[in-house]
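**Q** Handing you this structure, nothing more for now.
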Amino acid sequence: MHTLNAARNRLPVARTALTLVQLRHFLSLVEHGSFSRAAAQVHLSQPALSRSIRALEDELGLSLVDRLGHTVELTAAGRDLLERARTIVFDAEDVRRHAHQLAQRSGGSLRVGMGSGAGALLMGPLLQEVATRHPGLRLDITRSTTELLAQSLRARQLDALVVDARSLVPAPDLRTDAAFELRGAFLVRRGHPLTRRRRPLRFDEVAAHRIASTPLSDEVARVLVSRYGAAAHPQVCVSLRSDDLASLVALAQRGDAVLLAVRAAAPELVELRLDPPLAANARLAMVTLLRRSQPASLAVLRGLMDRYLVE
């Protein structure tokens with residue numbers, strides 16, 4: 001098969017202009033691994049998709065896939081060109097979407113991914129802001145872990161993330177800005193037994209109650225252990241863990257659980273004084289992709305962060 005492909009590449013061919021449609025067909029073929037499944041995805045017959053891939057290979061002068069029965073496998077050239085093809089197609093889709101927003105003027109869309117802390121602080125205000133002040137703007141909010149949100153951002157399914165920057169794996173294709181430091185605290189309901197102590201509390205007194213928290217970054221875990229010892233590592237001391245911070249706040253309001261969270265997330269709860277003090281912060285930041293045009297609607301999110309991400 002390699003010999004046949006090499007022979008075909010040495011033959012003179014009538015070249016046609018490379019098109020975005022051909023690149024989309026190539027990406028679909030890579031995604032589905034077979035001509036039949038990819039053809040169904042792009043609404044073509046299998047022979048038509050095969051001709052499109054052949055035309056792309058002829059235009060490039062390279063074999064991109066080896067045809068192995070009912071499946072395909074990328075050649076070395078195909079692997080080398082795959083990421084560049086993705087970038088070209090994604091950039092073209094950005095141009096189309098940006099032009100659509102310009103045509104709509106005050107309209108457009110904003111697709112935001114939020115981590116648990118950011119969601120608890122910003123989701124309600126952002127929904128209210130768009131509903132009342134930006135009637136032409138379409139808003140989609142996704143809540144998930146930082147890792148999954150970063151994958152969606154790279155797939156161009158989201159325009160921006162608001163997450164704890166310390167939970168984000170640094171990468172050259174990500175831009176982090178509009179960062180806000182928010183103080184962490186141990187929080188309880190008014191009238192909680194721990195609020196009756198007039199002196200600062202030891203950690204073991206706090207840990208005698210159920211501790212609730214969202215998943216915490218490695219940096220916060222390091223601070224906890226350095227302040228209070230190995231028993232304060234989140235894997236040891238946190239027995240109630242959820243991505244939904246609002247539910248954890250409600251839990252602390254109704255019972256004796258101790259909530260470990262940013263202070264601003266639950267102003268109605270009482271902050272406990274510990275010895276030594278916790279001194280751990282979350283760093284909420286906006287994350288976008290480098291080398292990608294950003295929708296003008298991101299200004300709405302930036303303005304909201306300026307107003308709400310304060311102590």
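The values are calculated or read from the model by the stated rules, or taken from the named source; none is laboratory data. These figures come from a predicted structure and were not determined experimentally. Using ideal geometry, Cβ is built from the backbone for each residue, glycine included, and neighbour counts are taken over all protein chains shown.
**Q** Can you tell me which residue in the stretch 274-285 is farthest from Thr132 (Cα to Cα), limited to those that are surrounded by 15 or more Cβ atoms within 10 Å (Cβ to Cβ) and at pLDDT below 95?
**A** Among those residues, the one meeting the criterion is Leu278.
**Q** Starting from residues that are at pLDDT 90 or above and closer than 17 Å to Arg291 by Cβ, keep the ones in the stretch 158-170 and report whichever is farthest from the chain's Cα centre (by Cα).
**A** Among them, the one singled out is Asp159.
**Q** Would you pick out the residues in the stretch 251-273 that are surrounded by fewer than 21 Cβ atoms within 10 Å (Cβ to Cβ), at pLDDT 95 or above and either under 22 Å from Arg143 (Cα atoms) or assigned by TED's automatic domain parsing to the domain that holds Gly119 (or both)?
**A** Result: Leu251, single match.
**Q** Which numbered condition in (1) surrounded by 13 or more Cβ atoms within 10 Å (Cβ to Cβ); (2) at pLDDT below 90; (3) closer than 20 Å to Ala76 by Cα is the only one that Leu29 fails?
**A** Result: Leu29 passes all but (2).
**Q** Exactly one condition in (1) loosely packed, with under 15 Cβ neighbours inside 10 Å; (2) farther than 23 Å from Leu149 by Cβ is not met by Gln235; state its number.
**A** (2)
**Q** Does Leu62 meet the test of being among the hydrophobic types (A, V, I, L, M, F, W, C), surrounded by 12 or more Cβ atoms within 10 Å (Cβ to Cβ), modelled with pLDDT of 90 or more and not in a helix (DSSP H, G or I)?
**A** When the stated conditions are applied, Leu62 passes them.
**Q** Let me ask something additional. Looking only at strands (runs of 3 or more DSSP E) that lie completely in the stretch 208-280, which have at least 3 residues being closer than 20 Å to Leu309 by Cα?
**A** Passing ranges, in order: 258-262.
**Q** Could you check how many residues of the stretch 128-143 are loosely packed, with under 15 Cβ neighbours inside 10 Å and in contact with a helix residue (DSSP H, G or I) (Cβ under 7 Å, 6 or more places away or on another chain)?
**A** Qualifying residue count, the stretch 128-143: 1.
**Q** Related question: Could you please tell me which pairs satisfy a Cβ distance under 8 Å, a separation of 6+ or placement on different chains, a first residue in the stretch 168-197 that is of a type in the set (S, T, N, Q), and a second residue that is surrounded by 13 or more Cβ atoms within 10 Å (Cβ to Cβ) and part of a loop (DSSP other than H, G, I, E, B)?
**A** Sorted first by the residue in the stretch 168-197, then by its partner, the pairs are Thr176/Leu168; Thr195/Leu272.
**Q** Now for a different question. Looking only at the stretch 116-146, which residues are under 19 Å from Leu182 (Cα atoms) and free of Cβ contacts under 8 Å to residues at least 60 places away in the same chain?
**A** Within the stretch 116-146, Met123, Gly124, Thr146 meet the criteria.
**Q** Those residues that are among the β-branched types (Val, Ile, Thr) and more than 16 Å from Ser34 (Cβ to Cβ), I need them from the stretch 54-74; list them, please.
**A** Residues satisfying the conditions do not exist here.
**Q** Among what's in the stretch 144-165 and is among the charged types (D, E, K, R) and surrounded by 17 or more Cβ atoms within 10 Å (Cβ to Cβ), pick the residue that is farthest from Thr87 (Cα to Cα).
**A** Once the filter is applied, the top-ranked residue is Asp164.
**Q** All but one of (1) closer than 23 Å to Pro234 by Cα; (2) assigned by TED's automatic domain parsing to the domain that holds Ser144; (3) not charged (D, E, K, R) hold for Thr176, so report the exception by its number.
**A** The failed condition is (1).
**Q** Residues Arg54, Arg67, Arg15: which one is modelled with pLDDT under 90 and surrounded by 14 or more Cβ atoms within 10 Å (Cβ to Cβ)?
**A** Working: Arg54 fails: modelled with pLDDT under 90; Arg15 fails: surrounded by 14 or more Cβ atoms within 10 Å (Cβ to Cβ).
Matching residue, one of Arg54, Arg67, Arg15: Arg67.
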